[in-house]
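The values are calculated or read from the model by the stated rules, or taken from the named source; none is laboratory data. Quick caveat, the model's predicted, so the values are computed rather than measured. Neighbour counts are summed over all protein chains in view; Cβ atoms, including those assigned to glycine, are modelled from backbone coordinates with ideal geometry.
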Amino acid sequence: MNDATSLERLHPIVTPEPVGWLPLAPGWIVLLVVAAIVSLALAWRAWLAWRDDRYRRQALRELRAMQDTRALPALLRRAALSAWPREQVAALEGEAWHRFLDQSAGLERFQGDCGPLLDRVAYGGTPLTDTEGDTLRAATRDWLRDHRRPA
């Protein structure tokens, strides 16, 4: 047997065509349908949450534009009435109102130094200093941003 002649008779290796993406296997179709359903459900929930937080965005906008700290108590009350049933929020005042604000946002500011400031502003006491106004404004912003609505 002649090695030269056997090498001459070899043909080049034929590679198969690459496998195409379509048609998809049934498993991939099921996976894509499930992924689409989950994505739509998550998008729907995100849209509902965004829609339900409209009052919060509006209150934060009002707070940024607000010049007078005397409007802070009304802003807090309006935002709370937008998120909770009227029966739970409307009658709250004083320490109960401060406790509600702190518990609903996980804060400890209104039962501390900001509660008396809020009462002074709400009931027409002595005007707040700039530092006190900034403190109350920051507490209001934190509450508006961090409070959690009831389930």
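With respect to Gly124, determine if the residue is in the same structural domain as Gln88 (by TED's automatic domain parsing), of a type in the set (Gly, Ala, Ser), more than 25 Å from Pro85 (Cα to Cα) and out of contact with any Pro (no Cβ under 8 Å at 6 or more places or on another chain).
Yes, satisfied.
Here is a yes/no grid of residues against (1) at pLDDT below 90; (2) under 25 Å from Trp84 (Cα atoms); (3) loosely packed, with under 10 Cβ neighbours inside 10 Å; (4) touching a Phe, Trp or Tyr at 6+ places or on another chain (Cβ under 7 Å):
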residue	(1), (2), (3), (4)
Met1	yes, no, yes, no
Glu8	yes, no, yes, no
Gly20	yes, no, yes, no
Leu40	no, no, no, no
Arg57	no, yes, no, no
Leu60	no, yes, no, no
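Specify the residue that is surrounded by the most Cβ atoms within 10 Å (Cβ to Cβ); the eligible residues are those in region 62-81 that are in contact with a Lys or Arg (Cβ under 8 Å, 6 or more places away or on another chain) and closer than 14 Å to Arg145 by Cα.
Among those residues, the one meeting the criterion is Ala79.
Quick one: count up the residues across region 130-151 that are outside any helix (DSSP H, G or I) and crowded, with 18+ Cβ neighbours inside 10 Å.
Of the residues in region 130-151, the ones outside any helix (DSSP H, G or I) are 147-151.
Of the ones still in play, those that are also crowded, with 18+ Cβ neighbours inside 10 Å are 147.
Within region 130-151, residues that are outside any helix (DSSP H, G or I) and crowded, with 18+ Cβ neighbours inside 10 Å number 1.
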